[in-house]
Structure formats: structure tokens, C-alpha cells
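Any read-out appearing in this document is the output of simple, stated calculations on the displayed coordinates, not a laboratory observation. Keep in mind that this is a model prediction, so the values were computed, not measured. All Cβ positions, even for glycine, are placed from backbone atoms using ideal geometry, and neighbour counts span all protein chains on display.
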Amino acid sequence: MDSVVLKGRNDGLALQLQDTADFEQIMRTLKTLLGKLYEETPTGDVSYRLETGNRLLTEEQLANIQKIFADFPRFSINGVVSAVIDKTVVNEMIAAKTTHRIGGVIRSGQTIDLMGDVLFLGDLHSGATLCASGNIFVMGQVGGVVQAGSQGDARAVVVGDLKGAGQIRIADVVEIVADHYDPDRPVAYLNELHTMTHAGLADLASIRPRLFKQMEAM
């Protein structure tokens, strides 16, 4: 079986790199194949998707493939698809779906920054910051900055008694708590206009249905 095979897909052309083949052999075959295709299509730009199967290309390997493509100016790579993903990516995905239970004291000047959701049971002093890429559920005392959606997730929420908090941040939106505190509306979220809004706990079922079920399970 050839180490590189040209495939026609519904969304374009693909170059299938055999995952069991030696990479040096793939490089040689790819150069020969591209040279032949270049002669057969003397005009027009053509882009190819690389399909690597159960092989993850390293940065160096991808750079070497790009060097071969550089010899054929009308050809380009429009993407790389693999049947496997990097272990680091897997760990990040797991972390993003994890709910961290945080207790203890976070003192002024300290910042806790976590991937995923946070159930906060401790004491956040004024001048301290608690950040999460997901949602933050406050069941402790907060006097500092509480930031949900720290990686830009505008659907994140902050839920709990935020009476003493200095600021609430969701994604890139900041609110001074003292100006908007209402004990009957402990849910802070961004509405469709990307504006900080507050609602009652019962409203969470309609605002973020999945989160409401998650809170019931806590």
C-alpha cells in the first residue's frame, strides 16, 4: 500500500498519510505524488487536507511537510485531521469539565485560577481573586473578585451570595457588586446583549437548563 494516497472527499481533496508507514517514506512519496499532480494540473490553486489516521504529526514533521508544499506554489494545506488527539488536549478537555471544590482562605494578593467549574466553600478576602474557566458556585464568603468564564466563555454564570464581593467578572464583562447587589437575585450571567444580568435561583432552570441540573446534584 502506498504511504500517501490521494482521496476525493465531499468537501474537497485529501492526502491520506498511512499511519503505519515510515515518516521518511511518506516524505519521499508525498514529494513524488505532488510533483506528478503539479504536472497534471498546470493551472489553478489546489488545497489538500492531510489525513493522518492514528498518527499525530509533531511540529517538526508538519514543518517538513510544509517545506515540500513550498516547492509547489499552487498547492496548499487547508487542514490536518487525525483519528487521535494529543494527551495534553485530552487533559485540558477533562479539566474543563471538572467541578473543583475549593475551601480554605484565599488572602489578599492571591489568585486562584482553575479550568472547569468551581464550588467555592471557603473565604475569599478583599484583594484576592478567584477565577474559573467555567461557572462559579459560591457557598462561602467572598470579599474579592470572582471571575467566571475566564477563558472567554460568555455562557458561564456566578451563583451565590456575593454581598461582600468587590467585582463580578464573566468573560470580558466587569460589574461592581455594590452597585447591583440584590439578595433575591443571586445568579449573575450575560444576556443576549452581552450585558451582566441578575436573576433568581429558580430562573436558572430556564437561563441555563444544564447548569440547573448540575446544581441539583451538588
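Starting from the Cα-Cα distance between ASP123 and LEU201, subtract it from 0.36 nm times their residue separation and give me the gain in nm to one decimal. Could you put the intermediate results ahead of the total?
Details: separation 78, 0.36 × 78 = 28.08 nm, distance 2.19 nm.
That works out to 25.9 nm of additional length.
Taking LYS163 as the anchor, which aspartates and glutamates have their alpha carbon closer than 20 Å to its alpha carbon, excluding any fewer than eight residues away along the same chain?
Straight-line reach from LYS163, under 20 Å: ASP123, GLU175, ASP179, ASP182, ASP184, ASP203.
Distance between the C-alpha centers of region 36-69 and region 141-211? Whole Å please.
47
Could you compute the FRET efficiency for LYS163 and VAL84, with r as their C-beta to C-beta distance and R0 at 41 Å, rounded to 0.05? Can you show the working numbers first?
Numbers: r = 48 Å, r/R0 = 1.18.
Efficiency computed from Cβ-Cβ geometry: 0.25.
Kindly list the residues of region 68-84 that lie in the label zone of ASP11, defined by a backbone N under 20 Å from the point 7 Å along the Cα-to-C-beta vector.
From region 68-84, the list is 76-84.
Report the relative contact order of the chain, percent, no decimals, based on alpha-carbon pairs under 8 angstrom and at least 6 residues apart. Mind showing how you got there, number by number?
Details: 441 pairs, mean separation 20.5, N = 218.
That works out to 9 percent.
If a/c stays under 1.5 just call it rounded; otherwise compare a/b with b/c (prolate if a/b is bigger, oblate if not). Do that for the chain, with a ≥ b ≥ c from the square roots of the Cα gyration tensor eigenvalues. Each step should come with its number before you reach the end.
Working: a/c = 3.33, a/b = 2.88, b/c = 1.16.
Judged from the Cα gyration tensor, the chain comes out prolate (a/c at least 1.5, a/b above b/c).
Just the number, please: percent antiparallel of the DSSP beta bridges in the chain, rounded to the nearest 5. Could the numbers behind the result be given before it?
Values: 16 of 51 bridges.
The antiparallel proportion sits near 30 percent.
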